[in-house]
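The values are calculated or read from the model by the stated rules, or taken from the named source; none is laboratory data. Fair warning: this is a prediction, and the values are worked out from it, not measured in the lab. Please note: Cβ atoms are built from the backbone with ideal geometry, for glycine as well, and neighbour counts cover all protein chains shown.
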Amino acid sequence: MKVGMEHGPAVSLVGRAQECTLARALGRPPQGWRVAGGALAWALGLMALLATALAAAVVVLNKPGDAQPPRSRPAPAADAADPSLLARGAVLARAGNCAACHTARGGQPYAGGRPLETPFGTVYSRNLTPHDGTGLGRWSADDLRQALHQGRSPQGRLLVPACPYPQMSALRRDDTDALFVYLRSLAPVEQATPADTLRFPFGSAASLAVWRSLYFRPIAWQDDPSQSADWNRGRYLVQGVAHCAACHAPRDALGGANAWSLAGGRMPGRGWYAPSLTDPLEGAVATWPLQEVVALLRDGSNGHASVAGPMAEVVWHGTRHLPEAELQAMAVYLKSLGVPGAPPAPPRPVQAAPADSLERGGRLYARHCADCHGERGEGRAGEWPALAGNRAVLMADPANVVQAIRHGGYAPATPGNPRPAGMPPFGWLLDDGEIADVATYIRQAWAAKADAVTRLDVLQTR
């Protein structure tokens, strides 16, 4: 039995070797190899087929198209000076906050060059002035429309989605024409745009094509006939022209977002959290009087809140310049996003802070904050906001509290609020652990509660 057990495999191996030799002589693989090779060929063929289908889908989804109705008037010439188009374009540029992104710190308005930090590298805003060499001087009205509606340059090159074309694609053709006329009216500035510094492969045409196939579809704008004219105009301004979802939508790891969502999200590269405009615990204004919503957009402050950080830029460069009718329309739409009287969400468990963190935070608060915000966070009416129960303090994401402590809080100076109170920055004085302690204290010291803030939370906002 033992001899047989040893001999059997030997005979098998010899036979296998003879089979292999014979198969090679005949020019074909052995039988077992044929089975394995066939499975491998089938798998490779399937992968090739899937890759081809994916490539075809990317090409089809990125094929230039036109989902917009034709113009109601001829395309404006480059030197058009129609006063009505010029005024309309100026309002659209303000509503779109174009100057904020397309003006470098200390630079000429609309001349570009501002670095826009993203998780994938830095993008520099383009020169929108009509300079022939470095700006839009050689662009036509159709070129601008293609950039905003299709996310493509005049030569057909795919634009990086730091340009908010997923939302701006909603602009009606006549409005892109008006915007073109306004941009043509600016003084030309010779200023080349620095090259973007995106990490490979994020700036390549192939990766942009894949991103667009996943996240971008041009919007063919249609009003909702069941809603009022003000509501429809406000929706067009908020969702399209002002592209609010570019900041107020949650994004995934590839930077993709629902172009219509206003559910709130951390702003890429900025370290601020753009609150949900539908959640009454964050930024919804459904219960506010209409004129207080208008005041926040126009003046940067009202009886409920004041703006700071990136939203202060929006008010300063954009919404404070809008006609009252446009602000009213935006307010009507924004008020419709929340549902007054809806039952509150069940309270979620709160992560309590260690006692020593609260103690340290309390000492820091008493030393640096209590003189203005009160010993119990009650604030001072008309001057300093209350912190106790303040929803900006109690949001689940503590980024804005951390940023206000680190960088200070400054509302824009506007005609309706010419001398806004400001909070000085403490980032030069407090380290990350101390910022975490004082942020935790104001979120947990009084009746309303929110999660403790850790040193890591503070680090992640940088």
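Yes or no: R406 in contact with a helix residue (DSSP H, G or I) (Cβ under 7 Å, 6 or more places away or on another chain), without any contact (Cβ under 8 Å) to a residue 60 or more places away in the chain and not hydrophobic (A, V, I, L, M, F, W, C)? Steps first, answer last, please.
Details: in contact with a helix residue (DSSP H, G or I) (Cβ under 7 Å, 6 or more places away or on another chain): yes; without any contact (Cβ under 8 Å) to a residue 60 or more places away in the chain: yes; not hydrophobic (A, V, I, L, M, F, W, C): yes.
Criteria met by R406.
For region 386-416, which residues satisfy the criterion of being surrounded by 21 or more Cβ atoms within 10 Å (Cβ to Cβ) and over 26 Å from the mean Cα position of the chain (by Cα)?
L387 - this is the single residue of region 386-416 that is surrounded by 21 or more Cβ atoms within 10 Å (Cβ to Cβ) and over 26 Å from the mean Cα position of the chain (by Cα).
Part of a loop (DSSP other than H, G, I, E, B) and among the small types (G, A, S): does that describe G240?
Numbers: part of a loop (DSSP other than H, G, I, E, B): no; among the small types (G, A, S): yes.
No; evaluated as a whole, the condition is false for this residue.
For region 335-345, state whether one or more residues are loosely packed, with under 13 Cβ neighbours inside 10 Å, modelled with pLDDT of 95 or more and among the small types (G, A, S). Quick ask: steps written out before the conclusion?
Taking region 335-345 first, the residues loosely packed, with under 13 Cβ neighbours inside 10 Å are 339-345.
Next cut, modelled with pLDDT of 95 or more only: none.
Scanning region 335-345, I find no residue that is loosely packed, with under 13 Cβ neighbours inside 10 Å, modelled with pLDDT of 95 or more and among the small types (G, A, S), so the answer is no.
Any residue that is within 19 Å of C101 (Cα to Cα) and either modelled with pLDDT under 95 or out of contact with any helix residue (DSSP H, G or I) (no Cβ under 7 Å at 6 or more places or on another chain) (or both) - is there at least one of those in region 200-211? Don't jump to the end; show me each part of the working.
Filtering region 200-211 for residues within 19 Å of C101 (Cα to Cα) gives none.
No, region 200-211 has no match at all.
With respect to L387, determine if the residue is in a loop (DSSP other than H, G, I, E, B), in contact (Cβ under 8 Å) with a residue 40 or more places away in the chain and farther than 21 Å from W316 by Cβ.
Numbers: in a loop (DSSP other than H, G, I, E, B): yes; in contact (Cβ under 8 Å) with a residue 40 or more places away in the chain: yes; farther than 21 Å from W316 by Cβ: yes.
Considered against the rule, which asks whether it is in a loop (DSSP other than H, G, I, E, B), in contact (Cβ under 8 Å) with a residue 40 or more places away in the chain and farther than 21 Å from W316 by Cβ, L387 comes out as yes.
For region 170-185, give me each residue that is among the basic types (K, R) and surrounded by 22 or more Cβ atoms within 10 Å (Cβ to Cβ).
Taking region 170-185 first, the residues among the basic types (K, R) are 172-173, 184.
The answer is R184, and nothing else.
Taking the condition of being surrounded by 19 or more Cβ atoms within 10 Å (Cβ to Cβ), among the charged types (D, E, K, R) and under 15 Å from D177 (Cα atoms), how many residues in region 114-146 meet it?
Matching residues across region 114-146 total 1.
Can you say whether G121 is touching a strand residue (DSSP E or B) at 6+ places or on another chain (Cβ under 6 Å) and at positive phi, as far as the supplied structure shows? Please lay out each step first, then the result.
On the way: touching a strand residue (DSSP E or B) at 6+ places or on another chain (Cβ under 6 Å): yes; at positive phi: yes.
When the stated conditions are applied, G121 passes them.
Can you find even one residue in region 314-325 that is more than 30 Å from A452 (Cβ to Cβ) and either among the basic types (K, R) or outside the structural domain of C244 (by TED's automatic domain parsing) (or both)?
Initial filter on region 314-325 (more than 30 Å from A452 (Cβ to Cβ)): 314-325.
Remaining after also requiring either among the basic types (K, R) or outside the structural domain of C244 (by TED's automatic domain parsing) (or both): 320.
Yes: region 314-325 contains one or more residues that are more than 30 Å from A452 (Cβ to Cβ) and either among the basic types (K, R) or outside the structural domain of C244 (by TED's automatic domain parsing) (or both).
Find the residue count for region 420-462, including only residues that are buried (at least 16 other Cβ atoms within 10 Å of the Cβ), outside any loop (DSSP other than H, G, I, E, B) and out of contact with any strand residue (DSSP E or B) (no Cβ under 9 Å at 6 or more places or on another chain).
So the answer is 14.
Select from region 214-237 the residues that are under 30 Å from G121 (Cβ atoms) and surrounded by fewer than 17 Cβ atoms within 10 Å (Cβ to Cβ) and list them in ascending order. Steps first, answer last, please.
Going through region 214-237, the residues under 30 Å from G121 (Cβ atoms) turn out to be 214-219.
Within region 214-237, L214, R217 meet the criteria.
Can you name the residue in region 426-451 that is small (G, A, S) and more than 13 Å from G362 (Cα to Cα) and is also farthest from the chain's Cα centre (by Cα) among such residues? Can you show your working first?
So the first thing to find is which residues in region 426-451 are small (G, A, S), and the list is 427, 433, 436, 439, 445, 447-448, 450.
Retained after the next criterion (residues that are more than 13 Å from G362 (Cα to Cα)): 427, 433, 447-448, 450.
On the way: G427: 25, G433: 29, A447: 33, A448: 30, A450: 25 Å.
Among those that are small (G, A, S) and more than 13 Å from G362 (Cα to Cα), it is A447.
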